[in-house]
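Contents: one structure, followed by commentary.
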Amino acid sequence: MAEAAATADAQTDAAPTARQPLWEAGLGLAVLHLPDYRGSARSRNLQLPLPYLVYRGDWLRADRDGARAVLLDTRRVELDLSVGGTAPAASADNPRRTGMADLPPTVEIGPNLNLTLWRAERGRARLDLRLPLRAVFTLERRPRAIGGVFEPVLNLDQRLDGGWNLGLQAGVLAGSRSYHRHFYTVASEEARADRPAYAAGGGRAGWQALAALSRRQGAWWYGAFWRHDDLRGAVFVDSPLVERRRHWSAGLGLSWVFAASDRRVSVSDPFDR
């Protein structure tokens, strides 16, 4: 639920070991179309600031794969700390959740093991297996731990002509009981005729597919994504809060890169890591 707009794609067609600024910074705007939560019939359009942040440190990095601390980096294996999250949703605006507590935004953080399964000879494509395991916390006055998620995915990165980068991703989702309860449980005091009491369990949460396209051109970065969610087979699919078993999300982003470090560092092409 969280991939849309936190960091930007910083890759170019630079050769391996090219020297690039240690950091780059910019700011722009993202327009997102998102459901209130996976399975909700209500979607909304959001306009959010889109920070562009690239940091090419030895262990701390922010790039097309997000902001992370790299613990191990070889040609085939990378272990890092990954982040994610969800947007807030007001229950008063969602008929199915009327009278229930609002859904605060969440942040997810945890280790991610990235295994490179295949790469093209000239470094224009790479297929990875990504295994992120993250703990989830609410972002509110009194933050709470609400469980964890495991979201293994196959990820294909393809460099296209004209400086465009294409990313395709698909995988299954799973969450702990406490995480699913946060979104899909209906307490007895919240029950009504069209919303019976329900206790969500932990386990499989369906599957997800995502396509993303991005380009850096001079001082400008452009990006877009489309995501399909399928809740069939999810352990909480019978919750009265699940109105749709399949839905989609999308987003567009534009950022202006206005600052860069004078210091330059040697970086390897991520398609030929």
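The values are calculated or read from the model by the stated rules, or taken from the named source; none is laboratory data. In this text the structure is predicted, and so the values were computed from the model without any measurement. All Cβ positions, even for glycine, are placed from backbone atoms using ideal geometry, and neighbour counts span all protein chains on display.
Details
- Residues in region 160-175 include none that are of a type in the set (Asp, Glu), buried (at least 17 other Cβ atoms within 10 Å of the Cβ) and within 30 Å of Leu117 (Cα to Cα).
- Against the test of being surrounded by fewer than 18 Cβ atoms within 10 Å (Cβ to Cβ) and modelled with pLDDT of 95 or more, the options Ala101, Ala120, Ala125 yield a single qualifying residue, Ala101.
- Qualifying residue in region 96-103 (condition: out of contact with any Cys (no Cβ under 6 Å at 6 or more places or on another chain), in contact (Cβ under 8 Å) with a residue 24 or more places away in the chain and assigned to a helix (DSSP H, G or I)): yes
- Where strands (runs of 3 or more DSSP E) fall wholly inside region 159-273, the ranges with 1 or more residues that are among the charged types (D, E, K, R) and under 23 Å from Ala145 (Cα atoms) are 203-217.
- Selected residue (only one of Val257, Val235 is surrounded by 20 or more Cβ atoms within 10 Å (Cβ to Cβ), in contact with a strand residue (DSSP E or B) (Cβ under 8 Å, 6 or more places away or on another chain) and among the aliphatic types (A, V, I, L, M)): Val257
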